[in-house]
1. Against the conditions (1) in contact with a helix residue (DSSP H, G or I) (Cβ under 7 Å, 6 or more places away or on another chain); (2) more than 30 Å from residue 133 (Cβ to Cβ); (3) surrounded by fewer than 19 Cβ atoms within 10 Å (Cβ to Cβ), where does residue 220 fall short? Just the number, please.
2. If a residue has to be in a loop (DSSP other than H, G, I, E, B) and without any contact (Cβ under 8 Å) to a residue 24 or more places away in the chain to count, how many in the range 158-185 make the cut?
3. Considering only the range 119-160, state which residues are farther than 17 Å from residue 192 by Cβ and charged (D, E, K, R).
4. Six or more apart or on different chains, Cβ under 6 Å: which pairs go from a residue in the range 196-214 that's part of a helix (DSSP H, G or I) to one that's among the hydrophobic types (A, V, I, L, M, F, W, C) and surrounded by fewer than 20 Cβ atoms within 10 Å (Cβ to Cβ)? Could you list them?
5. What residue, among those in the range 44-81 that are within 30 Å of residue 20 (Cα to Cα) and charged (D, E, K, R), is least open to solvent (accessible area, probe 1.4 Å)?
6. Please state which one of 251, 211, 218 is among the small types (Gly, Ala, Ser), touching a Leu at 6+ places or on another chain (Cβ under 7 Å) and modelled with pLDDT of 95 or more.
7. Tell me which residues, restricted to the range 108-156, are surrounded by 14 or more Cβ atoms within 10 Å (Cβ to Cβ) and assigned to a loop (DSSP other than H, G, I, E, B).
Amino acid sequence: MEQIKSEIDTIMAGVIKAIAAHETDHPTGRLPATGRTQIATALKTVRSYDTLLNFAHNEMEKLRLNDTLYPEGRKRMMQDLLTDAEQKTADKHRTADNNITVARASFITNAFPTLTRNREMIAREDARMILDGSNDPQSTLIHLAQRQDDVGALVVTAWGADYLYSRGCDDRDVKNAQKAIIAMAVAGAAEQDTDPHRLAAAQGVKAAESAKGLNDAAASATRGILASMRDYYGVPREENPVPRDPRRPAAPTVLGEDIEPFTV
């Protein structure tokens, strides 16, 4: 018992410390309104992995110490409980990741200048003139994304991807270019000091990426501890689980109400 409890306390203390560092570097209250709620919800979910693990561990101990259960029934209830905990972990990770993805997309959109129709037409002409004369349109497009002007704002939109396709680039090349373009353009927006709204949005992108790292790490740690519980209590994962006979008692459900809904 103490072995698992110690593992939970040690690893989750690291997660809580990482969340505190994240909130120091990226205060939620300073993030743009669009995306702020999703980041806050995701961080709440990351904190809840600790509650899930402690609840699961306490319930496993109750089952272990319950001498009124037959060994086979005890193992079956432990199996059901850990399977439920693993599913809740996957649900939490997915929900937090969805919220972070929506927030990041919103921040990225707001990090770039908004072009009027006339400015966009002029930017298209300028971009085409540069790109048509390049033997390496992918690298040139990435370079243009660093510019904090209308051309830089244009190439990070779907127009940039469409242009690369028109020059014969395949899906992998276009996706790699888009990833690099967005990263460099956001970095440029974070360095400029003429538009505080774009600067805040660029900082929001960094906050979203930090939150994603926290969620991935915390979910991985949670899965690892649940695996340790399986080893400790002698409950290996079933490859082909048999549905529970409705006549036998069900195992405790692990925090069925604890998963925050995905918000847009």
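1. Every listed condition holds for residue 220 apart from (1).
2. As a first pass, look at the range 158-185 and keep what is in a loop (DSSP other than H, G, I, E, B): 167-170.
Adding the requirement that they be without any contact (Cβ under 8 Å) to a residue 24 or more places away in the chain leaves 168, 170.
Residues that pass the stated criteria total 2.
3. Answer for the range 119-160, where residues must be farther than 17 Å from residue 192 by Cβ and charged (D, E, K, R): 119, 120, 124, 125, 126, 128, 132, 136.
4. The qualifying pairs are 202/190; 214/18.
5. Applying the filter and picking the extreme gives 59.
6. 211
7. Matches in the range 108-156: 111, 112, 113, 115, 134, 145, 146, 147, 148, 156.
Condition check ((1) more than 23 Å from residue 239 (Cα to Cα); (2) in a helix (DSSP H, G or I); (3) charged (D, E, K, R)) across all residues:
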{"residue": "53", "(1), (2), (3)": "no, yes, no"}
{"residue": "57", "(1), (2), (3)": "no, yes, no"}
{"residue": "63", "(1), (2), (3)": "no, yes, no"}
{"residue": "67", "(1), (2), (3)": "yes, no, yes"}
{"residue": "76", "(1), (2), (3)": "no, yes, yes"}
{"residue": "83", "(1), (2), (3)": "no, yes, no"}
{"residue": "88", "(1), (2), (3)": "no, yes, yes"}
{"residue": "91", "(1), (2), (3)": "no, yes, yes"}
{"residue": "95", "(1), (2), (3)": "yes, yes, no"}
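The values are calculated or read from the model by the stated rules, or taken from the named source; none is laboratory data. Note that the coordinates shown come from a computational prediction; the quantities given were computed from them, not determined experimentally. All Cβ positions, even for glycine, are placed from backbone atoms using ideal geometry, and neighbour counts span all protein chains on display. Note: accessible area is taken over every heavy atom of the protein model, side chains too, but ligands, DNA and RNA are not part of it. Shrake-Rupley method; radii C 1.70, N 1.55, O 1.52, S 1.80 Å.
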